[in-house]
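Undergrad: Right, I'll just put the structure down here and ask away after.
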Ligand code: RFL
Ligand code: PHB
């Protein structure tokens, strides 16, 4: 088999890259180790920046998102038993975020790919990357006992944090920066109306809580939990009771509960691998970097990476290597800003047992400052809606 670009991974990064390359007249094959249903079963991100919305539009998959997605002009911070609104729109001169689930983004990209007759190889086993230090890289995989090989010009490693792409790079060629947080997020999805029209980020003495949503009748909630908690140990009733405790009285009283459709625990980590290019292998999305979900940046970074990569590949086939040569540096400038923001917001909103009362007092002071200073609120708003894409 031959393709100009072999994409490893059919998560949002791989699928969006495939769609953008198709628009640019570049043929790409996607190799995914799981089934399409498995990929769609993972409940993850919910907040899209305008730059991500623009890229989905450019890929021709924005129609349902504009119809069903919810535009949010603000978020609420809850602490000391009171909610404070951060007016994203006013503070940023008219910007907002789009609340539309990663599952739906992925579904739209899969449908568009099928409709265009483009190939995704699902349930590919033992995927391996070869010769990407030269001009003729290859990707090998097994399916139903047979070995297959793709010859290509470039490999895009879009296979997430645990993927094979980053692991295929010789150890000395990659630098890794990592911070693991001493807690996780327990998430619950339910067919219930959201507790409030906007997202609530709550700093509470029992731990962080987040009220998010997928639509006007489907809610997504999160609780900070010990990293070694088992999801089976959390009944739905225990989840709802704990969430109520971590919200202000009005939200606690109006919370509508129901059976969980999904419940899972995610670890929190900041991670960056540098550079994001090795010969003809380009890493994008979670394969290259991870941020804790507090800032809602992971999927958005995956989208901006593949935005840069698709443009660079289009320029390459038009005769210029400049975009490919600057790919890693361009991405990493944006990545580190999102890593910083996500780390800051995580540090502000969670309970860190090791920092004690001193740490809590600092958080309380910073939150008070944040909601009463236009300068501080603007910094939060500007980062939350997403920094502009630069050339
Ligand atoms: P993905 O989604 O992990 O997809 C990688 C794909 O690669 C496949 N794969 C392989 N394929 C072939 N061969 C191999 N050896 C392979 N190994 C792996 C996998 O099966 C998978 O299909 O990475 P991608 O595409 O880079 O996308 C990144 C996003 O998924 C991630 O950053 C976000 O979900 C993070 N995130 C959020 N991001 C936001 O922008 N806004 C949010 O509101 C937000 N909320 C969240 C989040 C992540 C969360 N969790 C569970 C970590 C909330 C949570 C709870
Ligand atoms: C979500 O809806 O899953 C979500 C929203 C905002 C975040 C993280 C996750 O910061």
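Undergrad: With all pairs of different alpha carbon atoms counted, what Kirkwood hydrodynamic radius in Å does the stretch 1-136 show?
TA: Computed over Cα pairs of the stretch 1-136, the Kirkwood hydrodynamic radius comes out at 16.9 Å.
Undergrad: Right, here's the next one. If you wrap a convex hull around the Cα atoms of the stretch 148-194, how much volume per residue is inside, in Å³?
TA: Considering the Cα atoms of the stretch 148-194, their hull volume per residue is 217 Å³.
Undergrad: In bins 5 Å wide, starting from 0, what share of all Cα pairs of the stretch 115-189 does each bin hold, as a percent?
TA: 3, 10, 17, 20, 16, 12, 9, 9, 4, 0
Undergrad: Using only the Cα atoms of the stretch 7-67, each taken as one equal point scatterer with no solvent, compute I(q) by the Debye sum, divide by I(0), and report log10 of the ratio at q = 0.18, 0.24 Å⁻¹.
TA: Scattering profile of the stretch 7-67, log10 relative to I(0): -0.73, -1.14.
Undergrad: How tilted is helix 12-23 with respect to the longest principal axis of the chain? Cα atoms for both, answer in degrees (0 to 90, nearest 10).
TA: It works out to around 50 degrees.
Undergrad: Still on this model: Dividing the Cα convex hull volume of the chain by residue count, how many Å³ per residue is that?
TA: Per residue, the Cα convex hull of the chain comes to 143 Å³.
Undergrad: Roughly what angle does helix 298-317 make with the longest principal axis of the chain, taking Cα atoms, 0 to 90 degrees, to the nearest 10?
TA: 20 degrees
Undergrad: What percentages, rounded to whole numbers, describe P(r) for the stretch 202-304 computed over all alpha carbon pairs with 10 Å bin width beginning at zero?
TA: P(r) over the stretch 202-304, rounded to whole percents: 12, 37, 29, 15, 6, 1.
Undergrad: Just to be sure I understand the curve: with the Debye formula and one point per C-alpha of the stretch 264-306, what is log10 I(q)/I(0) at q = 0.13, 0.28, 0.33 Å⁻¹?
TA: Ignoring solvent entirely, the Cα scatterers give -0.30, -1.02, -1.21.
Undergrad: With the calculation restricted to Cα positions, what are the radius of gyration and Dmax of the stretch 69-135 in angstrom?
TA: In order Rg, Dmax, the Cα atoms of the stretch 69-135 give 21.2, 60 Å.
Undergrad: In addition: Grab the Cα-Cα distance for residue 236 and residue 387, subtract it from 0.36 nm times how many residues apart they are, and report the gain in nm with one decimal.
TA: 50.7 nm
Undergrad: Using the Cα atoms as the points, what is the convex hull volume per residue of the stretch 265-391 in Å³?
TA: 115 Å³
Undergrad: Packing-wise, with mean Cβ within 10 Å as the measure, how do 372-384, 313-325 rank, highest first?
TA: Values: 372-384: 16.2, 313-325: 14.5.
Packing order, densest peptide first, comes out as 372-384, 313-325.
Undergrad: Helix 322-349 sits at what angle to the longest principal axis of the chain, using alpha carbons and giving 0 to 90 degrees rounded to 10?
TA: Its long axis makes an angle of about 20 degrees.
Undergrad: Only helical DSSP H runs with n ≥ 4 go in: add -39500 (n - 2.57) per run for the chain, normalise by residue count and round the 222 nm mean residue ellipticity to 500 deg cm²/dmol.
TA: Working: 12 runs with 144 residues, N = 391.
Result for the chain: -11500 deg cm²/dmol, rounded to the nearest 500.
Undergrad: Kirkwood hydrodynamic radius of the stretch 89-237 from all distinct Cα pairs, in Å? Present the calculation step by step, with values, prior to reporting the outcome.
TA: Numbers: mean 1/r = 0.0496 Å⁻¹.
Result for the stretch 89-237, one decimal place: 20.2 Å.
Coordinate-derived values only; no laboratory data. These figures come from a predicted structure and were not determined experimentally. All Cβ positions, even for glycine, are placed from backbone atoms using ideal geometry, and neighbour counts span all protein chains on display.
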